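Remarks on the structure that follows.
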Amino acid sequence: MSSADPAALPNSPHARDKAYALHPYTNARAHERRGPTVIESGKGIYVRDDQGNEYIEGLAGLWSVAVGFGEERLVEAAAAQMRRLPYYHSFSHKANNPAIDLAEKVASLAPAGLNRVFFANSGSEANDTVVKLLWYFNNARGRPQKKKIISRIRGYHGITVASGSMTGLPWNHRDFDLPLPNFLHTACPHHYRHAWEGESEEEFASRLAGQLEQLILAEGPATIAAFIGEPVMGAGGVLVPPRTYWQKVQAVCRKYDVLIIADEVITGFGRTGRMFGCELFDIKPDMLVLSKQITSSYLPLSAIVISDELYAGIADNSDRLGNFGHGFTTSGHPVATAVALENIRIIEEDGLVANAAAMGERLQAGLGELRDHPMVGEVRGVGLIAAVELVADPATKRAFDPLGKVGAAFFERGHGHGLIVRAVQDSIALCPPLIINAEQVDEVLKRFRLTLDDTYTWSR
Ligand code: PLP
């Protein structure tokens with residue numbers, strides 16, 4: 001960085017960020033050396049930093065900006081609601097119109113039998129709420145032992161104490177004293193990495209369902225409350241399960257009265273080319289968890305949609321105890337819910353779910369052409385979510401050592417080619433806004449290829 005560079009000035013945003021901020025998901029010491037990329041504005045699929053560089057936001061922020069950046073309709077919806085009623089809570093029978101409308105809308109979109117909506121602010125809060133609802137429900141039902149929750153290795157459900165316990169990634173546990181007791185993890189349905197030699201996807205799915213059953217039996221079915229999973233794993237590296245995996249898992253759960261929680265924080269609202277990822281695999285969840293694309297992340301909001309049966313148990317218990325002792329100051333925030341309603345209107349009016357399916361096919365086909373590249377091990381994805389796993393030797397699937405270094409190099413080099421991606425170790429994830437068009441998909445593919453070649457040259 002030259003001394004003429006405004007970023008080098010002692011009172012620059014860069015210097016002050018380095019001095020005052022502790023960044024989420026960032027190596028703090030590396031940040032002190034590197035400094036921030038300060039994003040100042042965004043329009044459509046593009047964002048711009050304070051040095052004038054423009055990037056394609058290939059991850060839609062954090063898998064979240066469905067309608068793209070700078071959508072005036074969301075700005076207007078927020079401003080109008082701010083003027084009318086900027087805040088109100090939902091405790092003690094209070095309600096507000098946008099939260100009522102959104103609850104009705106989300107219930108109408110959700111899978112059959114899920115008709116009650118609880119609002120929180122983030123995916124993590126929603127998933128902590130899921131755990132508490134399960135515990136509350138099973139206590140109410142006189143089953144105080146039925147409390148354990150099973151998630152998957154490499155699953156991602158957030159970082160608060162309970163949601164972080166369900167997350168199955170080492171860096172979310174290590175030195176945080178997680179997971180808590182009674183949070184169990186079963187195998188990750190990633191065929192490329194975890195199948196036995198010669199094992200078909202179908203056989204692999206059966207083996208994993210069998211492992212889940214063994215775990216439930218070993219712990220005792222009377223102690224297992226629920227199984228939680230993302231229909232397609234996102235933050236764990238975009239892992240699409242075998243086609244029959246969810247059906248097999250669902251059958252095991254039903255057999256032992258284990259509820260199914262679909263965490264659709266990433267897959268919800270069109271990401272996979274369907275409104276919900278559950279539709280892809282015919283998952284019939286007892287709870288659905290939504291966030292991110294519900295407002296395109298313009299404002300924080302999450303929603304849990306629960307089954308009529310769960311609602312009945314919870315409602316009766318609140319009546320017995322005199323209260324449902326759970327809720328956030330900003331549950332059902334009128335501005336966030338107003339923005340969500342407008343965002344969902346745009347998704348529906350502009351056909352963004354169908355666009356995700358069509359543009360997804362183009363993206364997946366284009367990435368598929370990289371399969372012959374000497375550094376590409378696997379290309380995977382569905383709709384507008386994909387990952388390319390970089391390996392040292394595609395023939396043997398040998399990973400790079402140390403894992404993650406090449407992914408990090410790709411991530412940094414992507415910036416030089418005007419492309420923001422996410423590196424999950426050495427898997428490079430793409431998840432662009434749902435508004436992307438064909439020409440822009442081709443531009444993403446072009447920049448991805450340039451970054452790949454550049455990273456390959458560097459790695460030799
Ligand atoms: N669940 C899933 C599937 C996610 O991908 C995420 C975040 O990426 C979360 C939960 C946690 O959401 P938040 O970061 O809003 O707490």
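Coordinate-derived values only; no laboratory data. Nothing here was measured: the structure is a model prediction, and the numbers come from that model. When we count neighbours, we look across all protein chains shown, and the Cβ atoms used for this are built from the backbone with ideal geometry, even at glycine.
As a calculated quantity, the FRET efficiency between Asn115 and Arg174 at R0 = 30 Å, using C-beta atoms, amounts to about 0.15.
What share of Cα pairs, in percent, lie more than 20 angstrom apart in the range 37-96? I get 47 percent for the Cα pairs in the range 37-96 exceeding 20 Å. Note that the range 132-193, at 4 °C in a medium of 1.567 mPa s, gets a Stokes-Einstein diffusion coefficient of 104 µm²/s from its Kirkwood radius over C-alpha pairs. With one equal scatterer per alpha carbon and no solvent term, the Debye-computed log10 I(q)/I(0) for the range 1-78 at 0.20, 0.24 1/Å reads -0.99, -1.13.
Across all directions, the shadow cast by the convex hull of the range 360-412 built on its C-alpha atoms averages 3.8 square nanometres.
Peptides 313-321, 102-110, 27-35 ranked from most to least packed, by the mean per-residue count of other Cβ atoms within 10 Å: 102-110, 313-321, 27-35.
Distance distribution note for the range 91-230: the fraction of Cα pairs above 26 angstrom is 38%. Here the range 279-437 is treated with +1 on each Lys and Arg Cβ and -1 on each Asp and Glu Cβ, and its dipole about the Cα centre works out to around 540 debye.
Estimated translational diffusion coefficient (Stokes-Einstein, Kirkwood radius over Cα pairs, 10 °C, 1.306 mPa s) of the range 356-460: 117 µm² per second. Let me make sure I get this right: for the range 237-361, a, b and c are the square roots of the gyration tensor eigenvalues over alpha carbons, sorted descending. Under 1.5 in a/c it's rounded, otherwise prolate if a/b > b/c, else oblate. Which is it? In terms of gyration-tensor shape, oblate. Peptide packing: for 89-101, 265-277, the average count of neighbouring Cβ atoms within 10 Å per residue gives the ranking 265-277, 89-101, highest mean first. For the peptides 226-238, 246-258, 114-126, residues were scored by their other Cβ atoms within 10 Å and the scores averaged per peptide; the highest-first order is 226-238, 114-126, 246-258. Computed from the Kirkwood radius of its Cα pairs, the Stokes-Einstein diffusion coefficient for the range 55-142 at 20 °C and 1.002 mPa s stands at 132 µm²/s.
Taking the range 187-301 on its own, what percent of its Cα-Cα pair distances exceed 25 Å? Beyond 25 Å sits 25 percent of the P(r) for the range 187-301. Dipole check for the chain: with +1 at the C-beta of Lys and Arg, -1 at the C-beta of Asp and Glu, and the Cα centre as origin, the magnitude is about 960 Debye. Aspartates and glutamates near Lys255 by alpha-carbon distance under 19 Å, same-chain residues fewer than 8 away left out - which ones? By straight Cα distance, Lys255 reaches Glu213, Glu219, Asp282, Asp286, Glu309. Rounded, prolate or oblate: pick one for the range 26-184, where a ≥ b ≥ c are the square roots of the eigenvalues of its C-alpha gyration tensor, a/c under 1.5 means rounded, and failing that, prolate if a/b is larger than b/c, else oblate. The shape class here is oblate. For the range 222-290, the average shadow cast by the Cα convex hull is 4.5 nm², which is a quarter of the hull's surface. Calculated mean residue ellipticity, 222 nm, the chain: -12500 deg cm²/dmol, from DSSP H runs (n ≥ 4) at -39500 (n - 2.57) each, averaged per residue and rounded to 500.
Once you reduce the range 299-358 and the range 242-297 to the center of their Cα atoms, the two points are 16 Å from each other. The per residue volume of the convex hull around the alpha-carbon atoms of the range 415-460 is 72 Å³. Just so you know, the Rg over Rh for the chain is 0.97, from Cα atoms, with Rh as the Kirkwood radius.
With all projection directions averaged, the alpha carbon convex hull of the range 102-153 covers 4.9 nm².
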